[in-house]
Amino acid sequence: MDFWPLIKVLPVRTHFRFVRLARLFTPLSALAIIGSLFLTLYPFKPPCGGLACGIDFQGGTVMDISTAPQPADPAKIHAALRGLNLNETVQTAGAPGAALLRFEAPKGADASATVGRVQAALNQAFGRVKFNSTDVVGPTVSGELLGKGLLGLGLAILAMLLYIWFRFELQFGLGAVAALFHDVFLTFGLIAIMGRFGKIEFDLKSVAAILTIIGYSMNDTVVVFDRFRENLRKYKRMPLGEVIDMSINEMLTRTIITSMTAVLALVALAFFGGPTLYGLSVIMLFGIAIGTYSSIYIAAPVILLWGVKRADEEPEIVTAPAR
Amino acid sequence: MMTLARWKVILVLLATLLGLLFTLPNLLPANVVAKLPPFMPKNTLHLGLDLQGGSSLLYSVDTAALQAERLNNTAEEIRGLLHDKQFAFTDLAVANGAITLRPTDATQTNDIVNLLRQSVGAPLAGAGGGRDMTVTATADQRIRVAFVPEAFDAEASKAVEQNIEVIRRRVDTTGAKEINPVRQGKNRIIIEAAGENDPEKLKRLIGQTAKLTFQMVDESASPEDLQAGRIPPGDEVVASSDGIAPSYLVKKRAPVTGEMLTSASPGFDQTTGQPVVQFRMNGAGARRFGDITRQNVGKRFAIILDKKVISAPVIEGPIPGGSGQIHGHFTQESANELSVLLRAGALPAPMKVEEQRTVGAELGADAVRAGATSAIVGLVATMVFMLLIYGMLFGGISLVALGVNALMILGVMSATQATLTLPGIAGLILTLAVAVDANVLIYERMRDELRAGRTLIAAMDAGFARAWGTIFDANMTHIFSALIMFNLGSGPVKGFAWTLAIGVFTTVFSAVLVTQVLLAWWFLTTRPKTLPIGH
């Protein structure tokens with residue numbers, strides 16, 4: 001077989017001139033970041049701005065119910081709950097009889113006790129109703145969770161900056177963090193757009209997904225930087241832009257293969273993982289894609305712009321050998 | 001490098017065996033696991049509530065209410081004390097975390113302050129002595145009584161511990177032993193109940209304060225006074241529990257409380273056959289109850305549970321023995337529930353549900369199925385992809401490393417009983433899929449070195465040595481994000497972080513060491529001239 005293993009057929013060394021295209025892509029990325037920021041914040045509705053706020057951060061109650069074999073008629077549900085003064089929204093989708101109820105307990109009422117009243121009212125209207133899941137988040141907890149979530153994102157970015165600074169150089173760290181901000185902002189943009197179509201809510205799981213993206217985007221950036229640093233030492237007289245191009249080209253096969261395995265796993269998760277994992281996997285799929293892109297078109301150009309020390313007397317740092 | 005160091009082989013074999021040993025209980029049916037010899041581990045993966053179904057409840061202990069209650073009781077004490085000593089005062093009130101009053105005769109202020117300093121509040125534990133309340137004369141000729149803040153904080157913290165104790169007693173009497181209340185932070189308690197689909201009953205059992213008091217009904221005030229809101233000093237208005245009967249005016253002082261009960265059990269009234277709760281009091285309670293019933297024949301006393309009057313019977317004669325029964329509009333079940341609550345005692349401080357998450361068992365089973373399907377599809381796709389790219393030998397080696405990695409993750413998760421959640425499964429799949437990155441880095445490095453003109457063995461050595469630093473740095477980044485995620489709270493997300501973190505260590509181990517041993521073995525046995533992944 002001539003085509004297997006495929007690695008023999010893949011081009012050995014590519015010579016794409018990535019840096020030259022940065023002039024085109026970097027402004028486009030800047031535009032995308034501005035657009036994402038706008039979508040994320042507008043219409044400035046607290047606490048989540050333009051994102052579809054999940055109850056983790058907004059507080060309230062979500063009940064996943066099934067009235068099967070009867071159809072989950074929203075009008076009937078509203079009628080059953082009229083006396084409770086909940087101002088509830090009812091979303092019906094998927095299986096017949098399935099409905100998603102979302103409401104906030106009236107001011108002063110115990111949100112958790114309200115659940116019991118809602119269950120009683122629905123059981124009375126429909127006979128036996130199945131309550132698949134119920135989530136109640138109080139206002140104190142939701143405020144804390146949002147604070148912790150945003151703090152977590154900030155800390156993650158700071159930790160990466162410090163780590164890259166420590167392992168490489170400050171310029172590398174700044175490049176990496178620029179790439180991270182790019183990835184995080186664009187992901188927020190994705191969550192905002194998907195939120196407007198009712199597909200993804202901004203909740204703790206989305207924050208976890210973004211944190212994972214930060215991890216993977218960094219992973220990708222580190223791999224490219226590592227080769228970049230090595231080549232800087234090897235080719236002391238080569239212009240910076242060419243060293244960057246060469247490093248990216250050298251790692252291209254690896255980048256493609258690793259991204260592919262991640263994409264394969266995430267596509268499987270998005271298709272078969274059910275509604276809970278759908279948002280998580282879509283966010284991460286997007287993140288893998290832009291994480292790969294940003295290593296090339298954000299992190300590297302920032303370094304190019306800033307320049308790096310290439311003093312001749314700089315001692316060679318030998319990577320720790322595996323014993 | 002391309003030698004088989006004995007310790008490396010032993011380490012790899014050991015890790016594989018241990019991984020297998022600890023993963024095994026998950027793969028065998030339960031009855032086989034039960035029959036395993038005693039030295040074999042038997043723990044299976046600990047599934048999160050989102051996978052096995054169940055409820056988690058996060059309560060906050062209302063320490064402000066505790067403070068208000070202590071202040072109100074103290075105010076009543078002061079009222080009694082000053083009456084006894086014949087000090088005249090006005091404006092006794094509790095507001096803004098303090099009790100204030102105004103002596104009618106300003107010259108008595110110092111005497112009152114001194115009296116209160118000796119008798120108000122509880123003595124502090126510890127060598128310093130003193131009391132947990134301070135008494136001061138204020139500029140506007142009032143006397144102010146307030147808690148020493150640190151002393152109250154300590155008391156609030158103790159109340160949270162006591163709440164946990166009471167919850168444990170309540171839960172134990174129902175036989176649901178696997179429910180374990182855990183303190184979280186300063187004033188929160190988290191309760192996880194696996195398999196509990198209907199937390200409403202659990203909430204009634206756990207969340208109810210169950211503070212029972214017997215208070216005399218004050219029938220001296222006219223309905224007109226009550227209508228106008230003129231409540232005699234030392235009295236309070238308490239609503240009835242059914243919400244239909246009118247409210248009662250009762251004396252604030254409660255001579256008999258639920259703490260004096262020694263037993264409570266459900267039963268039936270002998271004449272009407274209605275469900276009732278029968279109780280028995282301890283010596284002190286029985287004496288007081290006897291005194292009160294003797295002195296107040298023909299009057300009514302109110303039985304009050306959590307600021308609601310359950311019933312207010314007329315005392316028909318002295319009740320000396322300290323036992324009796326509570327009539328309410330009980331069903332058999334609610335009589336039983338109240339008995340359990342009374343036996344276990346009242347919560348020292350009231351609690352409020354801050355967060356509640358319930359997943360039905362069916363939804364949990366669906367989640368397990370979805371997780372398993374996506375795991376299989378995702379991993380098989382990754383494996384096929386690696387075989388396609390790197391061929392049977394090098395692709396195969398990366399798959400063996402992947403297998404060892406998976407065994408180690410599952411083994412560690414089972415052994416440590418870390419919670420596996422649905423997002424955790426996603427983390428697991430992703431970790432494994434990207435674990436092959438380490439193999440890819442090593443292989444690509446080898447090919448680079450070959451192209452640079454090194455000999456086969458030198459290229460393989462350099463592949464490992466040079467790729468190692470990259471693999472280390474790249475994996476460290478995941479540790480940071482996992483650590484931060486772990487601190488975000490929420491069970492499912494914690495599970496995700498935990499799987500990611502374990503995965504980083506097992507990945508570095510398996511990708512580097514397992515791959516190295518297998519490649520060295522291949523190299524030593526076949527003495528190849530070229531790499532099958534070519535250049």
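Rundown of residues vs (1) of a type in the set (S, T, N, Q); (2) out of contact with any helix residue (DSSP H, G or I) (no Cβ under 7 Å at 6 or more places or on another chain), yes/no style:
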| site | (1), (2) |
| --- | --- |
| B:Gly391 | no, yes |
| B:Val400 | no, no |
| B:Leu410 | no, no |
| B:Thr416 | yes, yes |
| B:Leu428 | no, no |
| B:Ala433 | no, no |
| B:Trp468 | no, no |
| B:Ala482 | no, no |
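Can you name the residue in region B:83-109 that is among the polar types (S, T, N, Q) and not in a strand (DSSP E or B) and is also surrounded by the most Cβ atoms within 10 Å (Cβ to Cβ) among such residues? Don't jump to the end; show me each part of the working.
Of the residues in region B:83-109, the ones among the polar types (S, T, N, Q) are B:86, B:90, B:96, B:100, B:104, B:107-109.
Checking which are not in a strand (DSSP E or B) leaves us with B:86, B:96, B:104, B:107-109.
Working: B:Gln86: 6, B:Asn96: 8, B:Thr104: 10, B:Thr107: 7, B:Gln108: 16, B:Thr109: 18.
Looking at the filtered set, the residue picked out is B:Thr109.
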Quiz item: Of the residues that make up region B:143-158, is at least one buried (at least 19 other Cβ atoms within 10 Å of the Cβ) and over 17 Å from B:Glu69 (Cβ atoms)?
Solution: yes
Quiz item: Looking at (1) over 17 Å from the mean Cα position of the chain (by Cα); (2) surrounded by 16 or more Cβ atoms within 10 Å (Cβ to Cβ); (3) assigned by TED's automatic domain parsing to the domain that holds B:Ile315, can you tell me which one B:Asp198 breaks?
Solution: (2)
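Suppose we keep only residues that are assigned to a helix (DSSP H, G or I) and buried (at least 23 other Cβ atoms within 10 Å of the Cβ) within region A:255-275. Which one would you say is farthest from the other protein chains (Cβ to nearest Cβ)? Step through it out loud before you land on a result.
Step one: of region A:255-275, the residues assigned to a helix (DSSP H, G or I) are A:255-272, A:274-275.
Filter once more, so that each one left must be buried (at least 23 other Cβ atoms within 10 Å of the Cβ): A:257-258, A:261-262, A:265-266, A:268-269.
Details: A:Ile257: 5, A:Thr258: 4, A:Thr261: 5, A:Ala262: 5, A:Ala265: 3, A:Leu266: 7, A:Ala268: 3, A:Leu269: 5 Å.
Only one residue tops the list, namely A:Leu266.
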Quiz prompt | Leading residue by the ranking (farthest from the chain's Cα centre (by Cα)) among those in region A:39-48 that are in contact (Cβ under 8 Å) with a residue 12 or more places away in the chain and closer than 19 Å to A:His182 by Cα | solution = A:Leu39
Quiz item: Which members of region A:123-141 meet the condition of being surrounded by 15 or more Cβ atoms within 10 Å (Cβ to Cβ) and within 25 Å of B:Gln52 (Cα to Cα)?
Solution: A:Val129, A:Lys130, A:Phe131, A:Asn132, A:Ser133, A:Thr134, A:Asp135, A:Val136, A:Val137, A:Gly138, A:Val141
Quiz item: Tally time: how many residues in region A:1-48 are closer than 22 Å to A:Ile193 by Cβ and within 14 Å of chain B (Cβ to nearest Cβ)?
Solution: 0
Quiz item: Is one or more of the residues making up region B:302-323 on the phi < 0 side of the Ramachandran plot, out of contact with any helix residue (DSSP H, G or I) (no Cβ under 8 Å at 6 or more places or on another chain), acidic (Asp, Glu) and in the same structural domain as B:Glu236 (by TED's automatic domain parsing)?
Solution: yes
Self-check item: Members of region B:1-39 found to be touching a Leu at 6+ places or on another chain (Cβ under 7 Å) and either over 30 Å from B:Arg527 (Cβ atoms) or at pLDDT 90 or above (or both), listed by number
Solution: B:Leu11, B:Val12, B:Thr16, B:Gly19, B:Leu20, B:Thr23, B:Asn26
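Would you confirm whether or not region B:304-317 contains a residue that is within 14 Å of another protein chain (Cβ to nearest Cβ) and either closer than 24 Å to A:Asp110 by Cα or in contact with a Cys (Cβ under 7 Å, 6 or more places away or on another chain) (or both)? Step through it out loud before you land on a result.
We begin by selecting, within region B:304-317, every residue within 14 Å of another protein chain (Cβ to nearest Cβ); these are B:306.
Add one more test, that the residue is either closer than 24 Å to A:Asp110 by Cα or in contact with a Cys (Cβ under 7 Å, 6 or more places away or on another chain) (or both), and what stays is B:306.
Yes, that holds for at least one residue.
For region B:416-535, list the helices (runs of 4 or more DSSP H) that sit wholly inside it and hold at least 3 residues that are small (Gly, Ala, Ser) and more than 7 Å from chain A (Cβ to nearest Cβ); which are they? Spell out the reasoning first.
Numbers: elements: B:422-451, B:456-486, B:491-509, B:515-526.
The helices (runs of 4 or more DSSP H) meeting that bar are B:422-451, B:456-486, B:491-509.
Among A:Val222, A:Val207, A:Val177, which is the only one that is of a type outside the set (Asp, Glu), within 14 Å of chain B (Cβ to nearest Cβ) and surrounded by fewer than 24 Cβ atoms within 10 Å (Cβ to Cβ)?
Details: A:Val222 fails: surrounded by fewer than 24 Cβ atoms within 10 Å (Cβ to Cβ); A:Val207 fails: surrounded by fewer than 24 Cβ atoms within 10 Å (Cβ to Cβ).
Just a single option satisfies the conditions, and that option is A:Val177.
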Quiz prompt | Conditions (1) touching a residue at least 40 places away in the same chain (Cβ under 8 Å); (2) surrounded by fewer than 22 Cβ atoms within 10 Å (Cβ to Cβ); number of the one not met by A:Ile200 | solution = (2)
Quiz item: Here are some conditions: (1) more than 7 Å from chain B (Cβ to nearest Cβ); (2) more than 30 Å from B:Phe480 (Cβ to Cβ); (3) among the polar types (S, T, N, Q). A:Gln171 meets all but one. Which one does it not meet?
Solution: (2)
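Do we find a residue being touching an Asp or Glu at 6+ places or on another chain (Cβ under 9 Å), within 30 Å of B:Leu363 (Cβ to Cβ) and either surrounded by 18 or more Cβ atoms within 10 Å (Cβ to Cβ) or modelled with pLDDT of 80 or more (or both) anywhere in region B:247-256? Please lay out each step first, then the result.
First, the residues of region B:247-256 that are touching an Asp or Glu at 6+ places or on another chain (Cβ under 9 Å): B:248-253, B:255.
Add one more test, that the residue is within 30 Å of B:Leu363 (Cβ to Cβ), and what stays is none.
No: zero hits.
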Quiz prompt | In region B:80-90, the residues that are under 16 Å from B:Val135 (Cβ atoms) and in contact with a Lys or Arg (Cβ under 7 Å, 6 or more places away or on another chain) | solution = B:Phe89
Self-check item: Verdict on B:Ala406 being at pLDDT 85 or above, surrounded by fewer than 23 Cβ atoms within 10 Å (Cβ to Cβ), in contact with a Gly (Cβ under 9 Å, 6 or more places away or on another chain) and assigned to a helix (DSSP H, G or I)
Solution: yes
Exercise. Taking the residues in region B:358-385 that are farther than 15 Å from A:Phe271 by Cα and either among the acidic types (Asp, Glu) or not in a helix (DSSP H, G or I) (or both) as candidates, determine which candidate is farthest from the other protein chains (Cβ to nearest Cβ).
Key: B:Glu362
Practice problem: Could you look through region A:225-238, keep only residues that are within 11 Å of chain B (Cβ to nearest Cβ) and either under 20 Å from A:Ile288 (Cβ atoms) or of a type in the set (S, T, N, Q) (or both), and pick out the one that is surrounded by the most Cβ atoms within 10 Å (Cβ to Cβ)? | Solution: A:Phe225
Exercise. Would you tally the residues in region B:338-357 being closer than 22 Å to B:Glu196 by Cβ and more than 14 Å from every other protein chain (Cβ to nearest Cβ)?
Key: 7
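The values are calculated or read from the model by the stated rules, or taken from the named source; none is laboratory data. Source: prediction; values computed, not measured. In this analysis, Cβ positions are derived from the backbone assuming ideal geometry, glycine residues included, and neighbour counts consider all displayed protein chains.
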